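Data block below; observations after.
The values are calculated or read from the model by the stated rules, or taken from the named source; none is laboratory data. Quick caveat: nothing in here was measured; it's all calculated off a predicted structure. Neighbour counts run over all protein chains shown; Cβ positions are idealised from the backbone, glycine included.
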Amino acid sequence: MYKYIIRRILIFIPMLFALTIIVFGMAQLAPGDALTGVSLSDPNIDPEVYEIQREAYGLNDPIPVQYFRWISSVAQGDLGNSLVFNGRSVAELIQARLANTVYLGLFSLAITIIVAIPIGIYSARRPYSLLDYSATGFGFIGLAIPNFFFGLIAIYVLSIKLGWFPAQGTLSTPGMTGMEAFIDRIHHMILPGITLGLAGTATYMRYMRSEVLDVLGSDYIRTARAKGMSESNILYKHTLRNALIPIITLMGFEIGVLLSGAVITEQVFQYPGLGTLFLSSVTNRDYPVVMAIAMILGILILVGNLLADIFYSIIDPRIRYD
Amino acid sequence: MVKRKYGIAILGFLFLLSMLLSACNNETADPTEEEKEDPVGQEETEEEPEDTDETEEEATNDSPQMGGTLTGAMDTAPAGVFNPIFYQEAYEANILDFTHEALVSQNESLEFEANLAKDWTINDDHTEITLTLEEGVTWHDGEPFTADDVVYTYKAIASPGYIEAGGVRTEYANKLVGYEAFNSGETNEFEGVVAEDDYTVTFKFTEPNVTILKDVSFSIIPEHIFGDIPIADIPSHSATLDPGAVIGTGPFKFQDMLEREQYVLAKHADYWKGEPYLDQIVWRIVDQSVMLGLLENGEIDFISDPNGVPAADFETVAALDHIEIIEQTDFGYQLMGYKINHRTDADVDSGTLNQDNWVANEDMSEQLVRQAMAYAIDRQAIVDNLLYGHGSVINAPIAQQFWAYDEDAVTAYSYDPDQANALLDEAGYVDTNGDGYRETPDGEEWVVNLNYPTGNQLREASAPILAQFLEAVGIKIDLRQPKEMSAYVEDLTNDNSDWDLYLIGWSLGSGDPDPSGLWKSGAAYNFSRWNNPESDQLIEEAMQAPDAFDQSYREEKYSEWQSVFSEDLPALLLYAQNKIYGFHERLNGVNPMPYRFINDPHLWWVSQ
């Protein structure tokens, strides 16, 4: 098992390396650079100024030279400085937003699991009941509604009209601390959390329902029933464990999606996270930031998959790695 | 089983790449103008002319009250550089306009008037200006404001390494005496700005300066904070980035922030023009789609620069009883440019801008064709339907608010397809093969390409409309796929291509109407590659000392220049948008300047 984990982690290194080369290359192939976008903002500024800055930032160097400069500073633990935010350090820019994104991601994942798994199980145990039908209906609606639309409706009704939840941001006022800040943060995360978790909830519910149904119909459950095992034992000891495997695969994949796919939700709720920063950095050609985020997402996706693999062996003892 | 996991990792990886790709395609590069309406709305909106006076009246009705917090909304967070010499975006300006001040500032008629400097004398040949500063002005940290701060500010902009550190405002310093020597590091003494005593400062220019007051209008930063910090470290210094540490002389100080969410300004009680009425002004970053809802339910009090209320939502906001609206013309315009000339491959490679090497772009270099296209387009209809009437058609590339704008000097090019057809016939562009489209005078197929960027949705929506108008007079248009801004600008600049028509927008400064940065043949931003000696000469003459010290002389020259522009037509100016400011009626004392909403905020007060 440990050998397996170490082997997997070692494989990460060349994969990440390949990732940086591809992302860097693609980012550089896109026409324009960090200064072309701003260069039209004020016709009074002499374009010569931007030429001097290009030279100073090394943007005129050949791509391999730029890549080498970037990778060697990363190897020394320096993610570099943003080209757009007037030279602010990338690590500092990402830090605050990464925390926001992780909170929101975990919060929405928690909502998803708490809602989806019990409903999925219930639907499977009482198929074609009223709750099953409503859950299925909800599931399809949840999958069909675009994120931003649901978010806007939620803001309009729950926040602007009813005033139950704050519409934007992560905190009510700057400088809150302690328990008060924690509760305020949760309060701010409810709408974006639900919005972000909506599609996931629907998916997990459908998966859970069909997996449980599937397992309940299998031979070993029939055997268990035949030998007189109690229904709850059957459900919790035999069915759930087997039904959870595809859910875990999904979740391992979901970690990356939650972090990078929250762009639209973050935008609608003006929730300052990694997604919006990534998007704006790509459009602004802010390579140091793009590269840093790509690396972080790459690592998270790889780790997510590794975690999923490890969980398999815990949940299903038949799965062994060596 | 294990193999499959790699599949998933690869999937994840592909997902990431696809994110990158799709992001490249459809995101905005200029966040400054966002409108989200298609040009369907046909109804006429009744013009609501600037009702500044009305609000002022109200302010005087009852007496101002102390206290209160005001919340403003903007749709994009500032990058976070709260230093006048390094910031670049309108979003930071929204904060710096409260915290920092300049020696002189512009009034309603765009004349410079006293601010931190109460008085000044300019010598006869306009090479020197001596300003007397207000005494008793204190920085937010209690230190007195003196001439040394002024000297320091200009010295910082002139210092070597300023551009490399990210600064772009050299235009304010590079005309000063000794700039070259100081900037190249030859000497440590900068002779351009001299403190005569604590409250007198003299600016010395190498040549007679026509825009001398504009050049001394830069916001002042404190020497006692930045004096010992190397210029390269200023952008990342706490006094540039952090609330509480950003120090200015303005009526409000930058007190607190929740980065990218809220920016809190608190009153500077010792403000030299008098204690501000308001306790706090909070900027909240709010998504464009939610903004109106929050304005309606009172969570935010005002929407101002840079984007204001979208024209499409004007009626909705006007219908709110508790919201007042101020509408005024924006500086700047959108245009459809003609690539009259292209550069050669060699010039593009070496980055040379030499009009003698330019190659004429067939057809677009034909003046009659350019004029015909202008007649073919119904710009008033675009303003009425795309901007819902909240804009104006302009014919000269000088902002209408300037004394230099001359409506009478230009051809109006009002919509006249018959005239367009006649001009095209005259130029020899006729449909010879009966396919409904005109051929070139040589009888070859004639296709004109139209290029435009994404980012400004109104502009994007205007492109197909322009194409339709042009096709209606028999010009076959190849409407190219829009490009994302950074890519577009690169292609627009490196124009050894086949481009014919391009769309772009300019936001102009309010300081001076001199159009040389955009329309002189050697100017980098002259994307039409318009080469007209008469125009160049007029632009130069208008800035030529000593005649140009007389504004009426400049007026005359600009008026001549506008008529040259309008006749030769390097670009068709499409429209100038209106700024629409909306604010809660409890806010009193608002008196926007033509160029910005925030003016004398120490006089703003809320009725409780």
Quiz item: Looking at the stretch B:253-287, which of its residues are out of contact with any Phe, Trp or Tyr (no Cβ under 9 Å at 6 or more places or on another chain) and more than 10 Å from chain A (Cβ to nearest Cβ)?
Solution: B:269, B:270, B:273, B:274, B:275, B:279
Self-check item: Long-range neighbours under 6 Å by Cβ, at least six apart or interchain, first residue surrounded by fewer than 22 Cβ atoms within 10 Å (Cβ to Cβ) within the stretch A:28-42, second at pLDDT below 75
Solution: A:30/B:24
Self-check item: Residue match in the stretch A:79-93 (condition: assigned to a helix (DSSP H, G or I) and closer than 17 Å to residue A:271 by Cα)
Solution: yes
Self-check item: Residues within the stretch B:326-373 that are under 27 Å from the mean Cα position of the chain (by Cα), closer than 22 Å to residue B:393 by Cβ and among the β-branched types (Val, Ile, Thr), tallied
Solution: 2
Quiz item: Restricting attention to the stretch B:575-589, does a residue exist that is buried (at least 18 other Cβ atoms within 10 Å of the Cβ), touching a Ser or Thr at 6+ places or on another chain (Cβ under 7 Å) and not in a strand (DSSP E or B)?
Solution: no
Exercise. Being basic (Lys, Arg) and over 30 Å from residue A:124 (Cβ atoms) is the filter here, so list the residues in the stretch A:162-206 that pass it.
Key: A:185
Quiz item: What about residue B:325, is it in a strand (DSSP E or B) and surrounded by 23 or more Cβ atoms within 10 Å (Cβ to Cβ)?
Solution: no
Self-check item: Near pairs, Cβ below 8 angstrom, 6+ apart or cross-chain, from the stretch A:69-80 (surrounded by 14 or more Cβ atoms within 10 Å (Cβ to Cβ)) to any residue that is of a type in the set (Phe, Trp, Tyr) and part of a helix (DSSP H, G or I)
Solution: A:70/A:24; A:70/A:287; A:80/A:70
Quiz item: Can you find a residue in the stretch A:265-279 that is within 21 Å of the chain's Cα centre (by Cα), outside any helix (DSSP H, G or I) and at positive phi?
Solution: yes
Quiz item: Of all residues in the stretch B:374-396 being among the hydroxyl-bearing types (Ser, Thr, Tyr) and farther than 17 Å from residue B:417 by Cβ, which is surrounded by the fewest Cβ atoms within 10 Å (Cβ to Cβ)?
Solution: B:392
Self-check item: Residue that is surrounded by the most Cβ atoms within 10 Å (Cβ to Cβ), among those in the stretch B:233-251 that are of a type outside the set (Ser, Thr, Tyr) and outside any loop (DSSP other than H, G, I, E, B)
Solution: B:241
Practice problem: Determine, yes or no, whether residue A:302 is more than 8 Å from chain B (Cβ to nearest Cβ) and either surrounded by fewer than 24 Cβ atoms within 10 Å (Cβ to Cβ) or part of a helix (DSSP H, G or I) (or both). | Solution: no
Exercise. Specify which of the listed residues (A:314, A:248, A:296) is farther than 30 Å from residue A:93 by Cβ, more than 9 Å from chain B (Cβ to nearest Cβ) and crowded, with 18+ Cβ neighbours inside 10 Å.
Key: A:248
Quiz item: Of these, A:64, A:127, which one is part of a helix (DSSP H, G or I), more than 29 Å from residue A:193 (Cβ to Cβ) and either away from chain B (no Cβ under 14 Å) or in contact with a Cys (Cβ under 7 Å, 6 or more places away or on another chain) (or both)?
Solution: A:64
Self-check item: Matching residues in the stretch B:590-608 - criterion: being in a strand (DSSP E or B) and over 22 Å from the mean Cα position of the chain (by Cα)
Solution: B:605, B:606
Practice problem: Would you check if there is a residue in the stretch A:284-292 being facing another protein chain (nearest Cβ under 10 Å) and in a helix (DSSP H, G or I)? | Solution: yes
Quiz item: Among the residues of the stretch B:218-231, is any touching a Leu at 6+ places or on another chain (Cβ under 6 Å), modelled with pLDDT of 90 or more and among the hydrophobic types (A, V, I, L, M, F, W, C)?
Solution: no
Self-check item: residue A:108 vs. criteria more than 26 Å from residue B:331 (Cβ to Cβ) and either assigned by TED's automatic domain parsing to the domain that holds residue A:287 or of a type in the set (S, T, N, Q) (or both)
Solution: yes
Quiz prompt | Single residue of B:502, B:488 found to be part of a strand (DSSP E or B), among the aromatic types (Phe, Trp, Tyr) and under 29 Å from residue B:578 (Cβ atoms) | solution = B:502
Exercise. Evaluate the stretch B:76-91: report whether one residue or more is assigned to a helix (DSSP H, G or I) and either under 17 Å from the mean Cα position of the chain (by Cα) or at pLDDT 85 or above (or both).
Key: yes
Quiz item: If you take the residues in the stretch B:288-316 that are part of a helix (DSSP H, G or I) and touching a Gly at 6+ places or on another chain (Cβ under 8 Å), which one is nearest to the other protein chains (Cβ to nearest Cβ)?
Solution: B:295
Quiz item: With respect to the numbered conditions (1) in contact with a Pro (Cβ under 7 Å, 6 or more places away or on another chain); (2) crowded, with 22+ Cβ neighbours inside 10 Å, which one is the sole condition not fulfilled by residue B:153?
Solution: (1)
Quiz item: Looking at residue A:141, is it at the interface with another protein chain (Cβ under 8 Å from one of its Cβ atoms), part of a helix (DSSP H, G or I) and among the β-branched types (Val, Ile, Thr)?
Solution: no
Practice problem: Answer yes if at least one residue in the stretch A:3-26 is free of Cβ contacts under 8 Å to residues at least 12 places away in the same chain, within 13 Å of chain B (Cβ to nearest Cβ) and β-branched (Val, Ile, Thr), and no otherwise. | Solution: yes
Quiz prompt | Answer from A:152, A:216, A:244, A:191 - the residue that is assigned by TED's automatic domain parsing to the domain that holds residue A:308, over 25 Å from the mean Cα position of the chain (by Cα) and touching a residue at least 60 places away in the same chain (Cβ under 8 Å) | solution = A:216
Exercise. Would you be able to tell me the number of residues in the stretch A:43-54 that are touching a helix residue (DSSP H, G or I) at 6+ places or on another chain (Cβ under 9 Å) and either under 16 Å from residue B:85 (Cβ atoms) or within 7 Å of chain B (Cβ to nearest Cβ) (or both)?
Key: 6
